[in-house]
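So the structure is just underneath, and the comments pick up after that.
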Amino acid sequence: AASALAMQPTSEADRERRMKWWHEARFGMFIHWGLYSVLGRHEWAMEQEGIPVAEYEKLATQFKPKPTPAKEWAALAKKAGMKYMVMTTKHHEGFCHFNTSTTKYCAPKTAAGRDLVKEYVDAVRAEGLRVGFYFSLMDWHHPDGARCVKDEQARRRFVDYVHTQARELMTNYGKIDVLWYDVPWPLTAEGWESEKMNAMVRKLQPDIIMNNRSKVPEDFDTPEQRIEASKGRNWEACMTMNDSWGYHKADDNWKSPKACVRNLLTCARQGGNYLLNIGPTADGSIPPESVKILTAVGAWTAKNGAAVYGTDPCSVSRSNYMSFTRKGNTLFANVHFWPGSEVAIGGLRSKVLSAKLLATGAPVKFEQEEFRVKFTGLPVNAPDSPITTIAVECDGEPKQDMNR
Ligand code: H79
């Protein structure tokens, strides 16, 4: 009885069982795709420009994706070193990519003419990646989506609508690994009947992990556009490569591959995940800038993945030119600003046994003093790009103490 209790779906033991793959994965792809991709002015255009529902709906006639764009997304995710994907099955605009009994405002019943969630699921699985569904609770299209706060009849209809869609998503596509709710405005957890909805989800998908945005904490927290570790909670930072989630043709504020790898390492160091977004165009094409960035990130993860996947939280943090990650007794010194032929760490209170360049396995010479360890005889220019990782084998868990 005690062990049965310990394996209740929300018990810590069961949670850790369900989340093991996710912790090891560290890196996932977010995909924001919808009718806003036709406009190419950010996924909040409908709300921010005040576009009337009847006018916005017409975008569905122009939403005609090319055959199986999800295959391109999944191939790029795999190449980038991402281990799971999370696609918008329905964003705030209310348009469903899946076949649903609840509305005609969905891809199979409009110009797209097919179930884009099924296509996505098949493509993700074919690459051996884990499948995630983003699902917005807030809905600008449904007539009850806003009045449900003040009108109990409307709330009942709307909650039934949302729960039915969640049930369809959890029933019609086989095993789903992540359910990623978004924006619970305007209701409370009670209003959404989130406990009931999530219990239904767990019954249909016993191994699924859920985020915290149905106003029930569930399995993991979701800092957005920032990296902030949650104390005592699993967490995943979701971030864009420019300043928009949905396709925005004029947004040219792209991050560098180095910035993306640094963000991945910052998450990994603190035991979190990094969910990095692409915003495909209406036909499903990935913006070339995103392809370029993720290809460069993938060239790095292919050689340096040991510094990311399955790593443990790392307490070593002090440097102005490297970020640190750790696996067991191995410290990964990830140098983002290469200082030259010598790299030094202060306050490392562990004995260094050996060091090598992670990408090539080339041994690195070192001298350890009481307070400082110096890695010497290195090339003047950074040997790897955009970050060079030195794997440092220590005699115990690498720790840093800056007090001399
Ligand atoms: O899907 C992406 C974004 O479109 C969505 N989340 C990521 C993953 C998002 N962007 N911004 N926000 C959510 C902020 C939400 C602001 C809100 Fe509100 C505050 C929603 C509810 C309260 C604005 C103000 C809408 C209603 C009141």
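The values are calculated or read from the model by the stated rules, or taken from the named source; none is laboratory data. Small disclaimer: the values here were computed from a predicted structure and weren't measured. FYI the Cβ positions are ideal-geometry reconstructions off the backbone, even for glycines, and counts take in every protein chain you see. All accessible areas refer to the heavy atoms of the entire protein, side chains included, with ligands and DNA or RNA removed. Shrake-Rupley method; radii C 1.70, N 1.55, O 1.52, S 1.80 Å.
Using only side-chain charges placed at the Cβ, +1 for Lys and Arg and -1 for Asp and Glu, the dipole size of region 90-203 relative to its Cα centre rounds to 260 debye.
For the chain, Cys148, Cys238, Cys260, Cys267, Cys314, Cys394 have no disulfide-compatible partner, since no other Cys C-beta lies under 4.7 Å from theirs. If you find the alpha carbon centre of region 104-155 and of region 212-254, how far apart are they in angstrom? Cα centres, region 104-155 to region 212-254: 19 Å.
The charge dipole of region 2-307, taken about the Cα centre with unit charges on the Cβ atoms of Lys, Arg (+1) and Asp, Glu (-1), comes to about 840 debye, rounded to the nearest 20. Just so you know, the Cα atoms of region 322-394 work out to an Rg and Dmax of 11.1, 31 Å.
Over the chain, dividing the summed -39,500 (n - 2.57) contributions of all DSSP H runs of at least 4 residues by the number of residues returns a 222 nm mean residue ellipticity of -9000 deg cm²/dmol.
Once the 1.4 Å probe is applied to the protein heavy atoms, region 1-154 comes out at 41 Å² accessible per residue. Considering only Phe27, Thr10, Pro184, the residue lying farthest towards the positive end of the dipole of region 2-307 is Phe27, judged by Cα position with unit charges set on Cβ.
Between rounded, prolate and oblate, where does region 208-321 land on the alpha carbon gyration tensor, with a ≥ b ≥ c its root eigenvalues, rounded for a/c under 1.5, else prolate if a/b exceeds b/c?
oblate
For region 34-192, the relative contact order comes to 22 percent (Cα pairs under 8 Å, sequence separation of at least 6). Selection among Pro383, Asn273, Asn263 by position relative to the dipole of the chain gives Pro383 as farthest towards the positive end (Cβ unit charges, Cα centre). When the Cα positions of Ser319, Asn234, Ser285 are compared along the charge dipole of region 217-352, Ser319 comes out farthest toward the positive end, with charges on each C-beta of Lys, Arg, Asp and Glu. Its relative contact order, with pairs defined as Cα atoms under 8 Å and 6+ residues apart, puts region 259-353 at 25 percent. At a Förster distance of 35 Å, what's the computed FRET efficiency of Ser317 paired with Ala362, Cβ-Cβ distance as r, to 0.05? So the FRET efficiency works out to roughly 0.85.
Between Lys58 and Ser101, what is 0.36 nm times their sequence separation minus the Cα-Cα distance? Round to one decimal in nm. Show your work: numbers first, answer last.
On the way: separation 43, 0.36 × 43 = 15.48 nm, distance 2.04 nm.
Taking Lys58 through Ser101 to full extension adds about 13.4 nm, to one decimal.
Compute the relative contact order of the chain as a whole-number percentage, counting only Cα pairs closer than 8 Å that sit 6 or more residues apart in sequence.
Values: 842 pairs, mean separation 64.8, N = 404.
Relative contact order comes out at 16 percent.
Give me the percent of accessible area attributable to carbon and sulfur for the chain, probe 1.4 angstrom. Working shown, then result.
On the way: 8680 of 16790 Å².
That share works out to 52 percent.
Here the 3J(HN,Hα) profile of region 226-241, calculated from phi with Karplus coefficients 6.51, -1.76 and 1.60 at θ = phi - 60°, is 7, 10, 9, 5, 8, 6, x, 10, 6, 8, 9, 8, 9, 8, 9, 8 Hz, Gly and Pro shown as x. The smallest convex shape that holds all Cα atoms of the chain, its convex hull, gives 154 Å³ per residue. Residue separation of Ala111 and Met402 scaled by 0.36 nm, minus their Cα-Cα distance, works out to 98.5 nm of gained length. For the pair Lys231 and Thr171, the difference between a 0.36 nm per residue extended length and the Cα-Cα distance amounts to 18.2 nm. Ordered by 1.4 Å accessible area with all protein chains kept, Leu204, Leu294 run largest first as Leu204, Leu294.
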